[in-house]
Every structure is written in C-alpha cells, then in structure tokens.
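Here the structure is laid out as structure tokens; the discussion comes afterwards.
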Amino acid sequence: MKFIAFNVRQDEQPYFESWEQQNQIEVKTVSGSLTNSSLKQVDGYDGVLALQTGKYPAEMFKDFKKYGVKVLSIRNVGTDNVDLAAAEANGVLVTNVPAYSPNAIAEFSVTQLLQLLRNTTVFRQKVAEQDFRWAPYVGKELRNLTVGVIGTGRIGRAAINIYRGFGAKVIAYDLYPNAQLQKEGIYVASYDDLFAQADVVTLHMPATAADHHLLNAQAFAKMKKGVYLINTARGTLVDSQALLAALKSGKVAGAALDTYEGESSLFNHDLRGQQIKDPVFNELMRQPNVLVTPHIAFYTTTAVENMVLISLNSAKSVCKTGTAETIVKIH
Ligand code: COI
C-alpha cells in the first residue's frame, strides 16, 4: 500500500512524516495541485490525498481507475467540488474529514464579526495615517444583536455556543434541524424569517446546486438595513455582485468574506504585483467595511494536524477493509 498527497504545505509535512513512520506506509508528498498535467504522478499509488478548492472532475476519476487508485481522501470537509457520481462510476471511494475542528471555523467567523462591529479596519488605516479621531465610527455590542445562523451542523453549532457566550440572541435555519436545538426553540421557519429578524447573517452550510447564490439581490432586499454578513462557508452561496450593490446602498453594513466564488485562482496563491482580472472582487477588496481573507477560517494547528492524520487513516482503512467511517456518500 502506498499513497501520494498533493498540495502539501510545510506546516503539514511533520504530520505526514510522523504518520508514515508510525504506520510504515509510504506517503509521497508533493506541493503542487492535482491537475490534468500532474495526474500521471498517481500511477501505482493506492490512495491520493488532496486539498484544493478547485475541481475534481469526472475525467480525473477515469484516470484514477486507469492508474489503479482506490481512494481519494480529501483533507477537508466540503465536497461540493468533487464529482462523486464519477468517482462511484469508476470504483473510486472518496473520503473527507467531516470534523477536523469545527471551532477553528466558528471562532474565526466570530473574530471577523467583532472586527466589523468595532470598525477595526477603518481604525487601523486611520491610525497608520496618524488620524486618531473617533467619530463617526462608533461600534456595536454583540449582546444587543440577533445573530442568524444558517446551517446548524458541527460548525454552526460551535458558532452558536460562542455567540451565546457573548450574550447575543441567536436564531437559526437549517433544512435538517438539530433535535437538541429544536427543543431549545432556536429555529425560525424559513430563510425569509431569518432575514427579517437577523442583525447578522452567518453562513455555516455546505454548497449545493440548489443553494447557488442563496444570498442574492432578493435575499438582501428581505434583510434588515445595516445587516452584517459573515461567509466562512462557500463563495458560491453569495451573489458577489448583489452583495457589492447591497454594501454600496448601506443595506449591508459590513461583510467578512473568507470564501469567494472564483477563489480557486486567487486564494492561497502569491499574486503580488499582478493585476487581478475580477472587477467585482477588486471592488469588494476596496470597501472599508469588507474583510476579505483567503479561506483561512480552518487554518489552525489543531485543524491541520487532524486534516492530515484523519485523511491518512481513512485512506488506509479503505485500502485495508474496503471502507472507512469518513466515506462521502452521494446524497
Ligand atoms: C473545508 O474544509 O471544506 C474548507 O473549506 C477548508 C479548505 C482548506 C478547503
């Protein structure tokens, strides 16, 4: 049994090495992504590990079959970019890491919201210019706000706990409600109800075709004036152009975007000195009340260690037993 891992960063390397030593299973690590041109490298490997926001298309799985790959273990949770039907058709099992650290993402969402509420970006800029005046950038306190959590899986629930700790009123919506939260009466009946009541809308749901641009012009129109948006989930959930318009009109008071539709050619790349040819992204970046971060909500030592070790254990389990607890099923 031997594995090949793509997109391996230096902060992951020690975890790969210690797993390899402990398990006595060869793991070749490469820093590049899994693409059509790098695909030949998987020849002869039983398992492929990868972590990327780009696509894992149908043709990739045909090649996996040709090269004898049994399992694709992705080191993250979301599988919206994986053609699971093609994987199944080619006899390749796909595993993910459903819970590497829900708190990593939840804590980051709250961090970003607090920054928006206290205008820290504006003050950082002003202080850099030696403008030490306060007005008119008065902040807001979380305990006075209603936070609308969309998606109450592990990450959403971790976020709810943190928001409750701050004394915020928390409401939620999920197509598949959590039994405990339901007992607590946290759920509203519809997206529209959440939009009407929330001072903050925070996304913690996976991306599906049905939810593409869930937050579009119509959705923003239904929200309270001065709402804050936090997206650490998936870029495709938000119509970026509609968000920009809502920010400009003052409907949205601030947005924290850790994900962005079209991020795969931007985030985790060094584009210093290059012109980005996405006018909407460029304009969002220029807004003082928009915090763009390059998909780093997950990025903590706890999460990184779990992502590496759990994905390797999954690949090993598939190769030894034909299955793993973390197999991703087609819904
Ligand atoms: C995920 O786990 O799905 C993430 O969004 C993290 C990212 C590194 C792909």
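Do any residues in region 42-67 that are farther than 16 Å from K28 by Cα have Cβ atoms under 6 Å from those of residues that are assigned to a strand (DSSP E or B) and within 16 Å of the ligand (Cβ to nearest atom), where the two are at least six apart or on different chains, and which pairs are they? Close Cβ pairs satisfying both conditions: Y56/V82. Could you say whether any residue in region 235-249 is within 16 Å of the ligand (Cβ to nearest atom), over 28 Å from V92 (Cβ atoms) and open to solvent by 30 Å² or more (accessible area, probe 1.4 Å)? Checked against the condition, which is being within 16 Å of the ligand (Cβ to nearest atom), over 28 Å from V92 (Cβ atoms) and open to solvent by 30 Å² or more (accessible area, probe 1.4 Å), region 235-249 yields no hits at all.
Can you name the residue in region 4-19 that is under 21 Å from T53 (Cα atoms) and outside any loop (DSSP other than H, G, I, E, B) and is also most open to solvent (accessible area, probe 1.4 Å) among such residues? That would be Q13. Whether a residue is free of Cβ contacts under 8 Å to residues at least 60 places away in the same chain and of a type in the set (D, E, K, R) was assessed, and D80 does not pass this test. In summary, helices (runs of 4 or more DSSP H) completely within region 68-168 and bearing 1 or more residues that are of a type outside the set (S, T, Y), open to solvent by 40 Å² or more (accessible area, probe 1.4 Å) and within 16 Å of the ligand (Cβ to nearest atom) occur at 102-117, 154-165. Yes or no: region 169-186 includes at least one residue that is farther than 25 Å from L257 by Cβ, part of a loop (DSSP other than H, G, I, E, B) and without any contact (Cβ under 8 Å) to a residue 12 or more places away in the chain. Looking for residues that are farther than 25 Å from L257 by Cβ, part of a loop (DSSP other than H, G, I, E, B) and without any contact (Cβ under 8 Å) to a residue 12 or more places away in the chain, one finds at least one in region 169-186, hence yes.
The values are calculated or read from the model by the stated rules, or taken from the named source; none is laboratory data. This one's a predicted model, so the numbers in the text were calculated from it and none came from an experiment. Note that we place each Cβ from the backbone using ideal geometry, even for glycine, and neighbour counts take in every protein chain shown. These accessible areas exclude ligands, DNA and RNA; they are computed on the full protein's heavy atoms, side chains included. Shrake-Rupley method; radii C 1.70, N 1.55, O 1.52, S 1.80 Å.
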